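The values are calculated or read from the model by the stated rules, or taken from the named source; none is laboratory data. None of the values given here were measured: they were computed from a predicted structure. Virtual Cβ from ideal backbone geometry, glycine too; neighbours counted across all protein chains shown. Heavy atoms of the whole protein, side chains included, go into the accessibility calculation; ligands, DNA and RNA do not. Shrake-Rupley method; radii C 1.70, N 1.55, O 1.52, S 1.80 Å.
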Amino acid sequence: MFLRISKSVRVLAVACCLAAIAAASFRSAHAGATPSGKHKVYISVDMEGVAGTVTADQLGPTGFEYERFRRFMTNEALAAVQAAKHAGATEIVVSDSHGNGENLLIELFPADVKIVRSWPRHGSMMAGLDASFDAALFVGYHASTTNPHGVRAHTFSSAHLAKVALNGDAVTEGEFNAAYAGAFGVPVIFASGDDVAMAELKSRLGNLETVET
Ligand SMILES: [Zn+2]
């Protein structure tokens, strides 16, 4: 029981911290209004980097802890949504980018947030992103498959891919997705996940606000 309570408190603390930092980074990245007057934010949400996630029991519908952890995932995504709105976002797209793509509890999201669900979909973890967006955020991200220190470290599929590389260099999902966003001119301004994943992303993407879960 104690463990359960302390985990909930920890997830809440992570969510608050995530919201504050995401809002600050969006504000500093977009101090002025865009020509259209819109502020569009894209939020890609994975699950392995959500606070407390360690085992497969938490990561899929057959696991006994899945229902709790998809709620944790939802709460961290909601913190990012709240932060984006607080910082002036007028349009928000959230992509459910883990497992079957049907993890987020959609009824808990504000009605004006668009949610990308399930597969197959063009753009994968960044489906729906285009050049009209002002910023992208990553929530619940994890380390790459070539990094043995990360929690649940893999790149897209541990069953099928021993390495994913861009221009010969092994990349993380975050780095790959940031390159995809970069092709549209959309900056990634924030990421949350385990400490190893955040260190990887910072070392590769440079100046990036992060929250360690
Ligand atoms: Zn995942």
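Regarding A77, is this residue touching a strand residue (DSSP E or B) at 6+ places or on another chain (Cβ under 7 Å) and at pLDDT 95 or above? Yes, satisfied. The single residue among G168, G185, G128 that is in contact (Cβ under 8 Å) with a residue 40 or more places away in the chain, at positive phi and surrounded by fewer than 16 Cβ atoms within 10 Å (Cβ to Cβ) turns out to be G185. Annotation for segment 125-138: at least one member residue is within 12 Å of the ligand (Cβ to nearest atom) and touching a Gly at 6+ places or on another chain (Cβ under 8 Å). When segment 106-125 is filtered for residues that are more than 17 Å from K40 (Cα to Cα) and open to solvent by 50 Å² or more (accessible area, probe 1.4 Å), the ones remaining, listed by number, are I106, E107, L108, R117, W119, P120, H122. If you take the residues in segment 131-142 that are among the small types (G, A, S) and buried (at least 24 other Cβ atoms within 10 Å of the Cβ), which one is farthest from the chain's Cα centre (by Cα)? By that ranking, first place goes to A136.
Taken over segment 146-160, the criterion of being within 14 Å of the ligand (Cβ to nearest atom) and open to solvent by less than 40 Å² (accessible area, probe 1.4 Å) is satisfied by G150, A153, H154, T155, S157. With respect to the conditions (1) away from the ligand (no atom under 16 Å from the Cβ); (2) within 25 Å of A179 (Cβ to Cβ), L78 falls short on a single one, namely (2). Evaluate segment 143-159: report whether one residue or more is of a type in the set (S, T, Y), within 22 Å of Y180 (Cα to Cα) and outside any loop (DSSP other than H, G, I, E, B). No, that holds for no residue. Residue check: K202 meets all listed conditions (1) of a type outside the set (A, V, I, L, M); (2) within 16 Å of the ligand (Cβ to nearest atom); (3) open to solvent by 50 Å² or more (accessible area, probe 1.4 Å); (4) assigned to a helix (DSSP H, G or I) but one, namely (2).
Would you check if there is a residue in segment 26-40 being in a loop (DSSP other than H, G, I, E, B), at pLDDT below 60 and surrounded by 14 or more Cβ atoms within 10 Å (Cβ to Cβ)?
Let us first name the residues in segment 26-40 that are in a loop (DSSP other than H, G, I, E, B), namely 30-39.
Filter once more, keeping what is at pLDDT below 60: 30-35.
Filter once more, keeping what is surrounded by 14 or more Cβ atoms within 10 Å (Cβ to Cβ): 30.
Yes, there is a match, as at least one residue in segment 26-40 is in a loop (DSSP other than H, G, I, E, B), at pLDDT below 60 and surrounded by 14 or more Cβ atoms within 10 Å (Cβ to Cβ).
I need the full set of residues from segment 53-75 which are away from the ligand (no atom under 13 Å from the Cβ), within 15 Å of the chain's Cα centre (by Cα) and either open to solvent by 10 Å² or more (accessible area, probe 1.4 Å) or touching a residue at least 60 places away in the same chain (Cβ under 8 Å) (or both), in order please. Within segment 53-75, R71, F72, N75 qualify.
Please tell me if A111 is under 14 Å from the mean Cα position of the chain (by Cα) and either basic (K, R) or assigned to a loop (DSSP other than H, G, I, E, B) (or both). For A111, the condition - under 14 Å from the mean Cα position of the chain (by Cα) and either basic (K, R) or assigned to a loop (DSSP other than H, G, I, E, B) (or both) - is not met. Summed over segment 85-105, residues that are more than 16 Å from the ligand (Cβ to nearest atom), open to solvent by less than 40 Å² (accessible area, probe 1.4 Å) and over 17 Å from D130 (Cβ atoms) total 3.
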